[in-house]
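The values are calculated or read from the model by the stated rules, or taken from the named source; none is laboratory data. Owing to the predicted nature of the structure, the values given are computational and were not obtained by experimental measurement. Reconstructed Cβ throughout: ideal geometry from the backbone, glycine too, with neighbour counts over all protein chains shown. Ligands, DNA and RNA are stripped out before the accessible areas are found, and what is left, the full protein with its side chains, is counted by its heavy atoms. Shrake-Rupley method; radii C 1.70, N 1.55, O 1.52, S 1.80 Å.
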Amino acid sequence: MTETSTKYNSKNTEIKWYQYWLEHKLFKSVPDTREPFTIVIPPPNVTGVLHMGHILNNTIQDILIRRARMQGKNACWVPGTDHASIATEAKVVNKLAEEGIDKHSVSREEFMDHAWDWTHKHGGIILEQLKKLGASCDWDRTKFTLDKDLSESVIKVFIDLYNKGLIYRGIRMVNWDTKAKTAVSDEEVEYKDEKSKLYYVKYKIVDMNEYITIATTRPETILGDTAVCVHPDDSRYKHLHGKQVIIPLINREVPIIIDDYIDIEFGTGALKVTPAHDENDYRLGEKHNLQSFNVFNDNGTMSKEALLYENIDRFEVRKIITDDLDKAGNLVKIEDYTNRVGYSQRTQVPIEPKLSMQWFLKMQDIVKPAIEKVNDETINFSPKRFVNTYNHWMENIRDWNISRQLWWGHQIPAYYISGTNDFVVAENIETALKLAREKNKNNNLTINDLKQDEDVLDTWFSSWLWPISVFDGIRFPENEEIKYYYPTNVLATGHDIIFFWVARMIIAGYEFRNEFPFKNVYFTGMVRDEQRRKMSKQLGNSPDPLHLIDEYGADGVRFGMMLCSPAGGDLLYSDSLPEQGRNFLNKIWNAYRLTQSREVDDEIKQPEHSKIALDWFNEKFNEQIAKLDELYDTFKLSEALMLVYKLFKDEFSSWLLEIVKPDYQKPIDRKTFTRLNEYFEQLLQILHPFMPFITEELWHQLRKRNAGESIMISNMPKPKPFHSKIINNFDVAKDIITQIRTVRKEKNISYKTKFKLFYSDNTNSFNSELQSVIIRLCGIENFSKTDIKPEGATHFVVKKTEFFIPLGTLIDTDAEIKRLKEELNYAQGFLNSVLKKLSNERFVKNAPADVIEKETMKQADAEAKIKALEEQILNLNS
RNA sequence: GAUCCUUUAGCUCAGUUGGUUUAGAGCGCUUGCUUGACAGGCAAGAGGUCGGCGGUUCAAAUCCGCCAAGGAUCACCA
């Protein structure tokens, strides 16, 4: 990039400064005497790649951490990844399958080797990608949920909860993923509306020449039926109470049971009962002591117990059995029907409800502090409305199925002694042996008599400890790091994982440290396309983030993502967003070029207009950064960025720079130059959290810096008292200037043509100090007060002051009158609304004094303005 | 089905405990401006009966009720 280039080139700059930051270890944090500011990254899937959601989420975290660092806090952002049991195992299984290897033909150890190979090869790419975004994580702290220390923490917690009696093992109806061949939690099931069929099938009654017809969406489960259920009050079936029916095709005799769970109105009012494959049927089965046949294999094909169609897929069987039922004369009819089908979030196959032995965590009691501390705002949610969602889930929480029938993950530390119900829980096999010998009072037991549970723990069972375990606070609760960094300050994450993560981390925080894991939770929205569709691979509507960074610069992308991203609200992405960011980068770059483009002359005196403008900007800046702090503190980051953007673009570039700019090729005075640079530097500082690269680049160009110095550890400007009066005065000048510009435009007068400006000020309200600024920006050759209203002049009124620009023949009197009349109209309308209030007795009686005073002042101002306008119109008419 | 949220300019959103001008911003749009930091720019401008109806109040985008549309979460009947 050359000094004279009119365009900012982000690419080289970004590589250079990220290198510099790493070299000088500027992201590194170690405990010291400063106040800590901690963020733990929501760990992405180790095999994942960066998508737009990550960009948004991590930009937010980087903004918060960079600001804290510049405020002098000891900022620590801990990066890392999670092992994503199901997703990663699926990928490894697929890879093995491609090589012709079946998972079950290799040992657990061999499989784990393959999985680690895969992880080392493909894992952590996402962290490298975050560096391109400018993420200022302390990379030396990078953690992985399967690291030794984190794994030990998970096992320790399992044992602890087991010993407290909160973890139990039991047969339950679980959500079975037939592709991953594991149970998944309720939260991992997505329901979708689906067009399906309702099949009406008749079952013969034993010893009667009669049939009972049931309706089902899943005819393949008929093979597992062990009863037909009717409502006790259903008159259609009263005569069948106590009878047996024959299951078609397999001719099994099962009872007709009676239960008021039945909805008489639905279908035929008769329900087939399949206790092994439906949650409600399971309950009926328990209540009525029914048999249970598991008609599916783990992979979703029919099992031996089905008696028919063994090893054929469940959806294939649905078609076959429909035909067979038809042939056998049992199919009555088929209707179209819409119902909701659960799909596995990970593999997108339909969930099969299945009875199986799983490990559960009792939730009822351990959620209590987590509910309380969110509701009393010990933990602050932004936006607040997510507290409702949180409460709803927490108050209806069900026990958490924490076991997964997988190998990739933390193997459950339970050791079976003999059979399946005799086991001990211990952190290793040696301790397990000791416990087993004690438990069975049998010192002859050896390690060979023990067999560890095959299953692993849910990935979230390790990530819920993340804010604690990354500082090793589970294994060593009193270590310096956990005591210094915990609790953390902010968690920034998508609202879609409020239950998976946020809620469970809060639970873990209180359970294991008796303290909240983070003070604030910032929920981001979803990134969608312009039609509000979610970004997805299938639609191909998601841009490649790295490509965007390449094209618009990381700073540009960060700007684009933040500008339109209200907390919790969805972000509708379009390329115009990073484009705006890139344009702004260019603006900053060129503003810098302007400030440095002139020779500095110590001899020339500072012009008055420059001094006035600089003084004004000083006040404006202080006013704005006070607002900025407020916006940060309430997590209104989009608004914070907008404020900085406007401050730089409008106030600094368009007003200040235009005023202090010396004439073409003339030098600039020393005083102005110095102050400009001071303000420029401060602007770079407040811009830095949002756009770290360009600000670092220009901060270094601005002055010679020592090796290792960086804007990212400079002191963030603090709000100072400011004078609103100076700001308000300047606003009047802006108003006048805008009016003059409008005159030029309407009359088509070139900016090169100079003209005279007069004002008539009976009320002495015009602050003539600002004359020099107006002259500077408006090409005025003479600006003076007059008592005689000039002929052939255009008019405007600002506040109570009338202004005249004599334009001689350029004046179109009729148009002038028309414009003034419109203005008069508005002023009169306004005055009326004020008078209406003031003439209302009850208003005058009830409203507070200051409100009435304001209204009275509005009245006076409006009347003065109307008077001025009326006079002008009168003059033009005469 | 239950609970909750949203509805303000063409689009995305601000708008504090009701009262500083008959509502603001960014983008988009319209018009004008090429020697001057930047056309990836500058300047000026148009555009809204604050979803609808009713109520409370001296005063409602703001509080309350009903209705309508959209969305979210949870649950789920075969």
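In table form, for the structure just shown:
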item	result
Rounded to the nearest 10 Å², the accessible area of A:Glu619 at probe 1.4 Å	20
Computed E for A:Asp570/A:Lys195 - FRET, C-beta separation, R0 35 angstrom, nearest 0.05	0.80
Equivalent ellipsoid, the stretch A:579-722 (semi-axes from 5 times Cα gyration tensor eigenvalues, Å)	25, 18, 15
Cα-based radius of gyration of chain A once divided by 2.2 N^0.38 Å, which approximates compact folds	1.29
The stretch A:745-877, relative contact order in percent, only Cα pairs under 8 angstrom and at least six apart counted	23
Shape call, the stretch A:32-164: gyration tensor on alpha carbons, a/c limit 1.5	oblate
Residue-normalised accessible area of the stretch A:745-877, expressed per residue, 1.4 Å probe, Å²	61
Over chain A, relative contact order from alpha-carbon pairs under 8 Å, at least 6 apart, %	12
Mean Cβ count within 10 Å, highest first, over the residues of peptides A:566-577, A:42-53, A:464-475	A:464-475, A:42-53, A:566-577
On Cα atoms only, tilt of A:670-687 relative to the major axis of chain A in degrees	20
Out-of-range pairs (alpha-carbon distance over 30 Å; input A:Lys11/A:Lys483; A:Lys202/A:Lys304; A:Lys785/A:Lys818; A:Lys131/A:Lys661; A:Lys28/A:Lys587; A:Lys25/A:Lys661)	A:Lys11/A:Lys483; A:Lys131/A:Lys661; A:Lys28/A:Lys587; A:Lys25/A:Lys661
Loop-resident sites, the stretch A:512-594, for GluC sites (Glu not before Pro), counting at most 13 other Cβ within 10 Å (DSSP)	A:Glu515, A:Glu530
Accessible surface of the stretch A:579-722, 1.4 Å probe, proportion on carbon and sulfur as whole %	47
Low-density loop cleavage sites - GluC sites (Glu not before Pro) in the stretch A:1-95, where at most 16 other Cβ are within 10 Å (DSSP)	A:Glu3
Semi-axis lengths (Å, descending) of the ellipsoid that matches the C-alpha gyration tensor of the stretch A:214-262	20, 13, 8
Exposure ranking of A:Leu641, A:Leu702 by accessible area [1.4 Å probe, largest first]	A:Leu702, A:Leu641
Cα-only radius of gyration and Dmax that characterise the stretch A:189-353, units Å	15.4, 49
0 to 90° range, to nearest 10: angle between helix A:108-122 axis and chain A longest Cα axis	20
Qualifying GluC sites (Glu not before Pro) for the stretch A:165-226 [loop in DSSP, other Cβ within 10 Å: at most 14]	A:Glu210
Separation in nanometres of the label points that stand 7 Å from Cα toward Cβ, at A:Asn209 and A:His392	5.6
Accessible-area composition of the stretch A:745-877, carbon plus sulfur, in percent [1.4 Å probe]	50
Label-point gap, in nm, between A:Asp113 and A:His241 - each point 7 angstrom along Cα→Cβ	6.7
With all protein chains modelled, accessible area of A:Glu352 [1.4 Å, Å²]	10
Extension gain from A:Asn677 to A:Glu579, taking 0.36 nm per residue of separation minus the Cα-Cα distance	32.5 nm
Three-way shape label, the stretch A:745-877, alpha-carbon gyration tensor, a/c 1.5	prolate
Proximal aspartates and glutamates relative to A:Lys368, as straight alpha-carbon distance under 12 Å, when same-chain residues fewer than 8 apart are discounted	A:Glu395, A:Glu511
Ranked packing of A:108-121, A:128-141, most packed first, by mean Cβ within 10 Å	A:128-141, A:108-121
Average projected area [Cα convex hull, the stretch A:380-500], square nanometres	10.7
Net charge dipole size for chain A [Lys, Arg +1 and Asp, Glu -1 on Cβ; Debye, nearest 20]	2040
Normalised contact order of the stretch A:100-238, rounded percent, pairs of Cα under 8 Å and 6 or more residues apart	8
Computed [θ] at 222 nm, helices only, for chain A once each DSSP H run of length n ≥ 4 contributes -39500 (n - 2.57)	-13000 deg cm²/dmol
With all protein chains modelled, accessible area of A:Tyr337 [1.4 Å, Å²]	70
Label-point separation in nm, A:Val49 to A:Thr753, each point 7 Å along Cα→Cβ	6.1
Angle between chain A longest axis and helix A:576-596 axis [Cα atoms, degrees, rounded to 10]	40
Whole-Å distance, taken between Cα centres, linking the stretch A:148-162 and the stretch A:75-107	21
